[in-house]
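Asker: Here it is: the structure, laid out below.
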Amino acid sequence: MKRHFRLNCVAQSLSKLAPASGSESERFAFALVLITFGQKCRAITREIFRSLLQRAKSLFAEGKDCDQILEVLMPA
């Protein structure tokens, strides 16, 4: 229970520190000034996915094949 609580506090702190801006379709009247938690989560997810794609792109540029890249990204 204590570990779960601590991890929850860390996750909440990190999500508050993360910069995020919603796209036009994500903006609602109530969120014109404040960024919603969902918008922050989507922004963090987009950044993680962008980093993953950048890493795969650089590995392909180095001449690695799909199996080698999978081993780098998801070691067995």
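Values quoted throughout were computed directly from the atomic coordinates according to the rules given, and no laboratory measurement underlies them. Since the structure is predicted, the reported quantities are computational estimates derived from the model, not experimental observations. Cβ sites come from the backbone with ideal geometry, for glycine too, and all protein chains shown count toward neighbours.
Asker: Between L7 and C66, what FRET efficiency comes out of the Förster formula 1/(1 + (r/R0)^6) with R0 = 30 Å and r the beta carbon distance, rounded to 0.05?
Answerer: 0.35
Asker: Sort L52, L70 by Cβ crowding within 10 Å, fewest neighbours at the top.
Answerer: Fewest to most other Cβ atoms nearby, the residues stand as L52, L70.
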